[in-house]
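Report on the following structure.
The values are calculated or read from the model by the stated rules, or taken from the named source; none is laboratory data. Quick caveat, the model's predicted, so the values are computed rather than measured. We place every Cβ from the backbone using ideal geometry, glycine too, and count neighbours over all the protein chains shown.
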Amino acid sequence: MAWIDEIEISDADGRLAEIYQELVEKRGKVSNILKVHSLNPEALSGHLDLYMTLMFGKSGLSRAEREAIGVVVSAENDCAYCVNHHAEALRHFIKDDETLNMLMTADGLETLEPRLSNIVRHAEKLTSAPEAMTESDLGELRAVGLSDQDILDLTLIAAYFNFVNRLVLGLGVEYTDEEIAGYLND
């Protein structure tokens, strides 16, 4: 549910019905953040392409690092929807509850192992104070083994989650425990 009209799966036709069908086949369901795009199927299609490229495409960043970026950016933006959705996926990769809690609250990030700490602290700074970013920030990432492509991917993922957080918060997208659990191919 959101603050704007949404087209349900059973009422979709044309391009939207095709997208919904593909999502159900690949992911098992349609998340509320995608359903809120239902009035603009081409925007939904573009959103999906970007998401799949950033979160599942070839990168020097691991899936866990990508999900951690999403969780920390979302925590910094107070976006409970995205924190909970992506913490659920992150649980497949990180089994330590203390680490998960630090990422979900964006607190204590400096105590994480150096590579993950630098990645998520960079994403946090880019979210909270983008005007304060300097070239020296990239040196810290290179020092823990990130290539320039990895740094680009990190920046794209942080920017993507800032975009999605604003969709969620600006349109009142809500989640339930049932909605955040049980996706295929996390």
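Quick one: how many residues across region 85-106 are farther than 15 Å from MET55 by Cα and in a loop (DSSP other than H, G, I, E, B)? Talk me through it step by step, then tell me what you get.
Step one: of region 85-106, the residues farther than 15 Å from MET55 by Cα are 91, 94-106.
Next, from what is left, pick out any that are in a loop (DSSP other than H, G, I, E, B): 91, 94-96, 106.
Total meeting the criteria: 5.
Results for (1) modelled with pLDDT under 95; (2) of a type outside the set (Phe, Trp, Tyr); (3) assigned to a helix (DSSP H, G or I), shown as yes or no for each residue.
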residue	(1), (2), (3)
MET1	yes, yes, no
ILE4	no, yes, no
GLU18	no, yes, yes
TYR51	no, no, yes
SER74	no, yes, yes
TYR81	no, no, yes
- Task: Could you grab me the full set of residues in region 128-186 that are touching a residue at least 40 places away in the same chain (Cβ under 8 Å) and among the acidic types (Asp, Glu)?
- Result: ASP150, ASP153, GLU174, GLU179, ASP186
- What is the number of the single condition among (1) in contact (Cβ under 8 Å) with a residue 60 or more places away in the chain; (2) farther than 16 Å from ALA158 by Cα that CYS79 does not meet? (2)
- In region 18-44, what residues are touching an Asp or Glu at 6+ places or on another chain (Cβ under 9 Å) and of a type in the set (Gly, Ala, Ser)? SER31, SER38
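Within region 137-181, work out how many residues are aromatic (Phe, Trp, Tyr) and in contact with a Gly (Cβ under 9 Å, 6 or more places away or on another chain).
Going through region 137-181 one residue at a time, the tally reaches 2.
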